[in-house]
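Take a look at the structure set out below.
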Amino acid sequence: MSWSSGLVRWSTALHCALAGRSVVVVERHTAGSQASGRAAGLFKSVQADELRTRLARRSITRALTFADWAGVPLPTARSGSFLIARTAQHREYLCRELAQSRSWGADVREAPRTELSYYQPAGDEYVLWCPEDVYIEEPASLIRACLAACRRHGAVVAENEPVVGIPVSGGRVAGVETESRPIAAPVVVDAAGGWVRQVAGLAGARVAVAPVRHQLLITEPAEHVNPADAIARVVDAAVYLRPARGGLMVGGFEPGPLPVDPERQPASFSTDDVPLDLGVLRDLSGQVAAEAPAASGTPVTEHRGGLFTMSPDGRFVAGPAPDLPGLWIASGCNGSGFSSSLAIGEALAAWITSDTPPPGMTELSPGRFGPLTDNALVSRGLWQYAHYYDPLGGAPSTSDS
Ligand SMILES: Cc1cc2nc3c(=O)[nH]c(=O)nc-3n(C[C@H](O)[C@H](O)[C@H](O)COP(=O)(O)OP(=O)(O)OC[C@H]3O[C@@H](n4cnc5c(N)ncnc54)[C@H](O)[C@@H]3O)c2cc1C
């Protein structure tokens, strides 16, 4: 089996190796150098449907017990999180999420107020407390842990070795060609993040995702930020906050997101070339300036960003590629690929190694979308991005599909 390599594939590779399969992970740059290494590290138990809730909660469990099943320690912050609504409309939305999430097994509770050093509530917010939520302080620690566990369980890791071809023989995928060698494999998993469409295209397959920029910042250490504070998600502002390195991490979802398609960029394009715009984050943090002054009033020590792979329905694109036996897709992370990777990888590995889809996984099948123009793909992906916390704005247009 063969892969390209961010966190989703490290997890899939690790679970396949644990199942006794022979695995080669092939990476164009170095492990975790692209989207996975830039993540905020947040895990969120409240999700928009039952399957995603199950996967998100399973991932939290797998992260907390990582040392037990993978044999490598993984530091996690069991912080919990607050979901905050400051408008009547968003209050209604959170009430619905509360009822849904509970019916799907998540532990979510109404809270009288937030209890955070860095966020002073106005007093009329509607607040949910999600005790199951966790974060990983530095995303590199999960990547390092997966990489070490892969090696420990026998997976071969090839960095700085781009995949340049996917040979097809007798109607099925026969392996990959890298810049330096052919690698024969009965199963190839394309988990190339923002490049997933280009890699699938090497075998003539199409994947329905649109890469979209996402950014965050970390402030200098600030007064009123307690490292033990929980995560806060202010849904009407589409902003998330958490303690980071003594300061605050601030990220969010702008209403006019930027699509960035690596296919239309020079071949050398990497995450380092994604254009960053601090003004976007300033606008977002400005929306919570009254409650979280440190978010906008503290100097910034790090500003980073990368690509989300947005799908037309906001759900993962994971499973066998239609009409091409041997090729598997692991993408469409829609901004949850860091946190859900442990469960998605586990489920995909079970499907690959047993030839039987785990419960619900066929809902994520790459073949579920009909033909879509590139314009329709991008406009739906942008809609999903802009409504990440707030799916209240009406259905995306389908007129251009
Ligand atoms: C700023 C930011 C914050 C985020 N915060 C969170 C968060 O808090 N929680 C969360 O769940 N998610 C978060 N995400 C999303 C998360 O990071 C992604 O969903 C996840 O990392 C996607 O992983 P991936 O493996 O698909 O992609 P990547 O990590 O980008 O990996 C893809 C890999 O494929 C390699 N590749 C590409 N082409 C080839 C080729 N031809 N040959 C070989 N290798 C190739 C690339 O070099 C890359 O290493 C965030 C993302 C960003 C940018």
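The values are calculated or read from the model by the stated rules, or taken from the named source; none is laboratory data. These figures come from a predicted structure and were not determined experimentally. Because the Cβ atoms are built from the backbone with ideal geometry, glycine has one as well, and the counts that use them run over all protein chains shown. Calculation scope for accessible area: heavy atoms of the full protein, side chains included, ligands and nucleic acids excluded. Shrake-Rupley method; radii C 1.70, N 1.55, O 1.52, S 1.80 Å.
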Checklist outcome for this item: Pseudo-spin-label distance residue 159 to residue 181, built 7 Å along Cα→Cβ, given in nm, is 1.8 nm
Checklist entry - How much area per residue is accessible in the chain when the probe is 1.4 Å and only protein heavy atoms are counted (Å²)? => result 38 Å²
Item to check | Relative contact order computed over the chain (Cα-Cα under 8 Å; 6+ residues apart), in percent | outcome: 22 percent
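Would you mind counting up the charge near residue 242? Only other residues with Cβ under 13 Å from its Cβ, with Lys and Arg at +1 and Asp and Glu at -1.
Cβ neighbours under 13 Å give a net charge of 0.
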Item to check | With all protein chains modelled, accessible area of residue 383 [1.4 Å, Å²] | outcome: 50 Å²
Checklist outcome for this item: Cβ-Cβ cut-off under 10 Å around residue 269, Lys and Arg +1, Asp and Glu -1: the net charge is -3
Checklist entry - Roughly to the nearest percent, how much of the accessible area of segment 161-302 is carbon and sulfur, given a 1.4 Å probe? => result 53 percent
Item to check | Distance (nanometres) between label positions extended 7 Å along Cα→Cβ at residue 144 and residue 263 | outcome: 3.7 nm
Next on the checklist: Within 10 Å of each candidate Cβ there may be at most 15 other Cβ atoms; applying that plus a DSSP loop requirement, which GluC sites (Glu not before Pro) in segment 106-173 survive?
Outcome noted: 115, 159
Checklist entry - On full extension of the chain, what length is gained from residue 30 through residue 362, given 0.36 nm per residue of separation minus the C-alpha to C-alpha distance? => result 116.4 nm
Checklist entry - Which of these, 48, 99, 148, has the largest mean-square fluctuation under a Gaussian network model of the chain (Cα springs below 10 Å)? => result 99
Next on the checklist: Testing the spin-label approximation: label points 7 Å from Cα along Cα→Cβ at residue 124 and residue 354. State their distance in nm.
Outcome noted: 5.2 nm
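For the chain, give the share of DSSP beta bridges that are antiparallel, in percent and rounded to the nearest 5; count only bridges with both residues there.
On the way: 44 of 58 bridges.
Taking every DSSP beta bridge within the chain, about 75 percent pair in antiparallel fashion.
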Checklist entry - Considering the Cα trace of segment 168-267, what is its radius of gyration and what is Dmax, both in angstroms? => result 20.6, 64
